[in-house]
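Undergrad: Here it is: the structure, laid out below.
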Amino acid sequence: MVEASDPIVRSTLQAAVLAGISNLVAQYLASSRDGTPFQFDVTRFFQFILYAFMVSPGNFVWQRWLETKFPAYDRKLHGDKKEEYIDDYVTGQNTKTVNKGGEKAPAKKIPNELGQREKNQSLNLQNTFIKFALDSTVGTCINTVLFIVGFALIRGSEKDYIQDDVAEQFLPMFLANCKVWPAVNIISFTLVPLEHRMLFSQMINLVWGVYLSLIADGTQKF
């Protein structure tokens, strides 16, 4: 049975909450810009939350795969063990683990091989470049298509219209992504410790989500 403490579930719920906040802010900004009274659009609000539920699990798996396959520092742990530590830091279980007796267990420390370097360890530039390249190309392309197609499906668009939307909107949106996320990825992969990386990305996504909400609502162009 899936529980809210599962890493992928918690990450998805967090993304859905941020999506709702982003859309609410976007609606307010749009009404302020147009000089009209603010009227909360429930449909648009829940469409954006639904989209977050659709795409967040896949994005979680993608980011975890990147970190597991291309760690910032020496890789010594088995893949399953690395995923366990990554999941613990995503959910905060490393500091909130509770044993069967109801008492807090000692916090697990993330191994040096998974993002916490020792004094003489240096960043693995090859792995960092591979993660950056994959996320900035493959990841961005997939998310761009998912955004266009996802909202078209949510709003009941027909197949031909969806294909036209992808052909028309893909390149402008991809270029818009390239103005923000490559810089975010460089900072995330090189400066932000693994245990804080998810929080960092979510904070950026809160602002980015406002922009996407305006795009999806047709009040902003790329």
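Undergrad: Tally the residues that are open to solvent by 50 Å² or more (accessible area, probe 1.4 Å) and within 23 Å of Val192 (Cβ to Cβ), restricting the search to region 16-58.
TA: 2
Undergrad: Further question on the same structure: Tell me which residues, restricted to region 174-195, are of a type in the set (A, V, I, L, M), part of a helix (DSSP H, G or I) and either within 16 Å of the chain's Cα centre (by Cα) or closer than 22 Å to Asn127 by Cβ (or both).
TA: Scanning region 174-195 gives Ala183, Val184, Ile186, Ile187, Leu194.
Undergrad: Can I ask one more? Restricting to region 185-215, name every residue that is among the hydroxyl-bearing types (Ser, Thr, Tyr) and under 18 Å from Asp135 (Cβ atoms).
TA: Correct list: Ser188, Thr190, Ser201.
Undergrad: Here are the criteria: (1) modelled with pLDDT under 85; (2) closer than 30 Å to Phe45 by Cα; (3) open to solvent by less than 50 Å² (accessible area, probe 1.4 Å). Tell me which single one Leu199 does not satisfy.
TA: Only one criterion in (1) modelled with pLDDT under 85; (2) closer than 30 Å to Phe45 by Cα; (3) open to solvent by less than 50 Å² (accessible area, probe 1.4 Å) is unmet by Leu199, namely (3).
Undergrad: Being more than 30 Å from Val42 (Cβ to Cβ), open to solvent by 40 Å² or more (accessible area, probe 1.4 Å), assigned to a helix (DSSP H, G or I) and not polar (S, T, N, Q) is true for just one of Leu206, Leu171. Which residue is that?
TA: Answer to the check: Leu171.
Undergrad: So which helices (runs of 4 or more DSSP H) are wholly in region 1-105 and hold at least 1 residues that are under 20 Å from Asn143 (Cα atoms) and at pLDDT 85 or above?
TA: 7-34, 42-69
The values are calculated or read from the model by the stated rules, or taken from the named source; none is laboratory data. Because the structure is a prediction, the values reported are computed rather than measured. Note: ideal-geometry Cβ built from the backbone for every residue, glycine included; neighbour counts use all protein chains shown. For the accessible areas, the whole protein counts, side chains as well, though only heavy atoms, and no ligand, DNA or RNA atoms are used. Shrake-Rupley method; radii C 1.70, N 1.55, O 1.52, S 1.80 Å.
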